[in-house]
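The numbers here are math on the coordinates, done by the rules we state, and not lab data. These numbers were taken from a predicted model, which means no experiment stands behind them. Note: ideal-geometry Cβ built from the backbone for every residue, glycine included; neighbour counts use all protein chains shown.
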């Protein structure tokens with residue numbers, strides 16, 4: 001069975017993420033299994049890409065589009081042309097070699113499953129960038145690379161260097177990603193679409209638009225931060241705290257290549273202007289010079305290679321910024337060459353560190369005697385980085401020199417450019433020579449942590465294969481890389497590919513002379529500075545100017561000083577002022593149309609006055625006012641009164657023929673009241689002013705009148721708005737659409753549920769995602785919270801059951817139930833199966849009758865709450881494996897799969913279908929695919945509610961016991977962390 005090209009695209013993108021999930025489930029000591037899995041994923045992806053090459057070899061494009069939210073112009077679009085194919089092939093091929101290398105580099109004591117899981121997810125995110133046919137989708141994968149690079153850089157999170165490096169990388173690249181997102185939104189506004197093909201075809205429209213410059217600047221910030229270009233270059237050297245396989249992958253084929261990939265990809269649409277020439281070209285030129293200069297003075301092998309990456313990426317960025325077709329040719333060529341020699345150099349540096357125990361250039365020397373094969377591979381790769389003839393780096397650097405000679409805008413800088421880049425290339429040769437001379441030549445090393453020796457064959461095999469590629473491309477480029485380069489150029493330049501030559505020898509051309517000057521000048525610079533380089537602690541003039549230090553000061557100024565002043569001005573730890581600000585802001589937003597457009601005619605119609613309904617509302621208002629008054633003295637009474645007001649709201653929903661809302665409000669009120677009741681004990685006692693008579697001071701303060709006025713205005717305004725909506729003429733309402741189409745399009749007679757799981761399923765999916773995040777946040781906060789010791793002893797019967805089983809392990813279960821459970825507690829325990837059955841009933845009937853996944857989930861959570869109340873925390877968790885996080889994960893995954901299943905039938909995401917199943921003796925049974933989505937909602941609501949309950953319940957039990965030390969780690973019960 002042959003696989004279509006469109007299917008290949010889907011599999012190539014999905015396979016790394018599937019492998020990542022599977023790798024995370026493997027045992028910690030199964031290092032071989034994880035390496036085999038990750039290697040197989042990368043290799044299969046590479047084979048599939050190779051199988052798709054005939055389709056894109058001659059300028060073809062493979063596209064696969066799935067509707068996501070077509071009403072908003074959002075599509076899940078995969079697009080692979082020649083340029084994307086080349087980058088995807090680099091990502092998968094070098095990824096495979098990095099996996100093989102990591103198998104021998106990583107220690108069995110490390111959490112290897114986590115490493116390979118993150119690495120595969122990182123691979124998938126990078127493939128998502130290069131294969132995206134929709135710019136919004138590209139930004140999504142762009143941010144995923146920042147997230148997974150953070151996890152990889154902080155892999156050894158026990159070290160402060162790893163944590164700091166990961167934090168800096170995440171902040172810088174994420175902020176750049178936000179700027180990119182803003183730029184893409186403006187770009188989509190200009191073009192009228194986020195489709196990549198339409199954007200690339202709209203270059204003239206984009207360049208002539210008034211928003212072109214803001215769009216260009218925002219997109220460039222995103223690209224330059226990702227590729228570590230000046231002035232955002234400082235994050236990349238800090239990322240060297242990552243394991244060397246991560247560094248080799250990040251610097252060669254992923255992450256930093258994302259920025260230059262985006263620049264080349266959008267060049268047809270954004271290039272061709274002086275703004276592009278000066279902004280992109282200047283950033284690239286400064287990065288090229290600065291990176292090469294600083295790299296020469298580094299004492300750490302990986303630090304030297306990190307700054308060399310900044311320099312070479314600057315070279316590529318400069319070529320892109322020169323804004324000519326030949327510049328794009330040279331840029332793409334050097335992207336491919338840089339990936340090969342930089343990956344092999346990092347692998348060699350990792351081998352040196354792994355086998356000798358250090359990366360300090362001042363301690364290393366003469367290693368060619370101990371590891372001659374590794375030394376040979378590293379020397380060839382370093383020579384390719386320096387641009388030595390007969391190696392691939394020489395060919396692309398000659399193209400670079402040739403392009404700098406050409407006239408672009410005939411400015412003074414343009415005329416001086418050949419001399420500037422020649423001087424910068426001298427430093428490239430100098431640091432490459434230093435890498436070779438100081439590590440592999442000289443006397444034998446002294447006092448190394450380990451005696452250096454050759455690594456296992458398979459550990460150096462990836463570096464050897466990459467070095468062989470450097471040699472083959474440098475000697476026979478037309479046969480090796482020529483077809484691939486032409487394929488990539490077709491995708492970027494179309495039929496307007498300029499004439500270029502991949503010949504090894506072009507004669508004594510100006511660019512060849514520039515190469516000779518750079519090589520000889522670099523050797524001279526190294527020889528002159530050799531003694532100084534061994535004792536220096538950094539580059540002269542720039543030693544005290546460090547990007548990280550500037551970043552830290554800016555971060556402190558923004559996140560600490562400015563935030564602290566803002567907090568003093570606006571912030572408060574009290575809940576009431578926060579609610580006051582929130583309600584006032586909502587009130588102003590609601591009144592804004594009144595101020596701008598006037599009151600006018602609201603179209604409200606008068607309805608008959610109902611005495612019974614008015615009395616119900618009078619009771620609810622009285623409960624609310626009484627709750628506000630008693631909240632000053634007795635929180636428990638206030639909570640009961642608030643619950644009573646909520647019950648009045650439930651009755652109102654029933655009165656207005658909204659049973660779904662009433663049912664949901666009822667169970668939410670129940671659960672919320674219980675959770676608040678559990679948390680009341682942690683609130684500080686109110687300070688009451690006592691009169692001489694011994695009673696609290698009577699009267700209402702002025703600020704209470706203020707709060708009553710704000711509450712009345714906000715509540716009254718919302719009531720008037722709701723009344724206007726419910727009484728306006730039918731033609732102006734969208735309700736008729738849902739009434740007429742709920743069954744015809746959604747297959748359900750419960751209109752509310754059909755709206756939630758069909759018409760507005762995308763909103764519901766976002767809401768349950770937020771609910772899961774909130775539950776995890778509450779758990780994370782409470783697991784480190786230590787309640788203060790209570791001043792008033794709690795009666796023993798209130799918490800005896802929590803400690804009963806621990807104190808009486810020898811008793812039988814029957815004795816425990818008889819002696820420790822009261823009659824009400826026994827009744828609550830017996831209600832568990834009844835409530836569970838009710839929850840299932842509400843779930844299954846929700847599409848046609850009042851019910852649904854949300855109310856069913858809350859109902860099921862009530863069953864668990866009763867078990868905690870009746871039998872206590874210890875017994876409940878010992879006998880019921882609740883696993884709330886598993887419930888949440890399964891629910892979110894099921895909801896997503898239910899939505900993605902529509903793609904199999906070529907329908908938009910979260911589209912539903914329904915039919916009837918004939919069951920013997922029962923008849924026609926309605927079946928709707930929305931039931932799967934509703935089941936996901938049910939599972940996530942159960943998990944989120946129970947997770948918050950467990951966190952609160954454990955704090956409540958802990959508050960009954962002797963207060964623990966605040967420095968001690970929080971307890972981690974099984975049900976809490978599963």
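Which order do the peptides 900-906, 743-749, 281-287 take when ranked by the mean count of other beta-carbon atoms within 10 Å per residue, highest first? Don't jump to the answer; show the numbers that get you there.
Details: 900-906: 13.0, 743-749: 17.6, 281-287: 22.4.
Final packing ranking: 281-287, 743-749, 900-906.
Counting only C-alpha contacts under 8 Å and six or more residues apart, can you give the relative contact order of the chain as a whole percent?
Numbers: 1431 pairs, mean separation 86.6, N = 978.
So the answer I get is 9 percent.
When 53, 532 are ordered from fewest to most other Cβ atoms inside 10 Å of their Cβ, what list results?
Ascending number of Cβ neighbours within 10 Å: 532, 53.
On a 0 to 90° scale, report how tilted helix 31-56 is relative to the longest principal axis of the chain, with both axes built from alpha carbons and the result rounded to the nearest 10.
It is inclined by approximately 70 degrees.
Starting with the fewest neighbours, write out 635, 907 ranked by other beta-carbon atoms found within 10 Å of each beta-carbon.
907, 635
Give the angle, between 0 and 90 degrees and rounded to the nearest 10, that separates the Cα long axis of helix 482-493 from the longest principal axis of the Cα atoms of the chain.
The angle comes out near 50 degrees.
Compute the length gained on full extension between residue 208 and residue 714: take 0.36 nm times their separation in residues and subtract their Cα-Cα distance, giving the result in nm to one decimal.
Length difference between fully extended and current span is 177.5 nm.
Taking a quarter of the surface of the Cα convex hull of the chain, what do you get in nm²?
One quarter of the hull surface, i.e. the mean projection, equals 51.6 nm².
Would you mind calculating the gained length between residue 721 and residue 156 on full extension (0.36 nm times residue separation, minus the Cα-Cα distance), in nm to one decimal?
Separation in residues times 0.36 nm, less the Cα-Cα distance, equals 197.9 nm.
Need one word for region 66-182: rounded, prolate or oblate. Basis is the Cα gyration tensor (sqrt eigenvalues a ≥ b ≥ c); a/c below 1.5 gives rounded, then a/b vs b/c decides.
Since a/c reaches 1.5 but b/c is at least a/b, the shape of region 66-182 is classed as oblate.
Tell me the mean residue ellipticity at 222 nm calculated for the chain from its helices only (DSSP H runs of n ≥ 4, each -39500 (n - 2.57), averaged over every residue, nearest 500).
On the way: 39 runs with 676 residues, N = 978.
Dividing the helical sum by the residues of the chain leaves -23500 deg cm²/dmol.
What order do you get for 252-259, 497-504 when each peptide is scored by the mean count of other beta carbon atoms within 10 Å, highest first?
252-259, 497-504
Can you tell me the FRET efficiency between residue 51 and residue 656 if r is taken as the Cβ-Cβ distance and R0 is 51 Å, rounded to the nearest 0.05?
0.25
Which order results if 411, 657, 149 are arranged by neighbouring Cβ count within 10 Å, fewest first?
657, 411, 149
What is the helix-to-structure angle for 112-131, meaning the angle in degrees between its Cα long axis and the longest Cα principal axis of the chain, kept from 0 to 90 and rounded to the nearest 10?
Roughly 80 degrees between the two axes.
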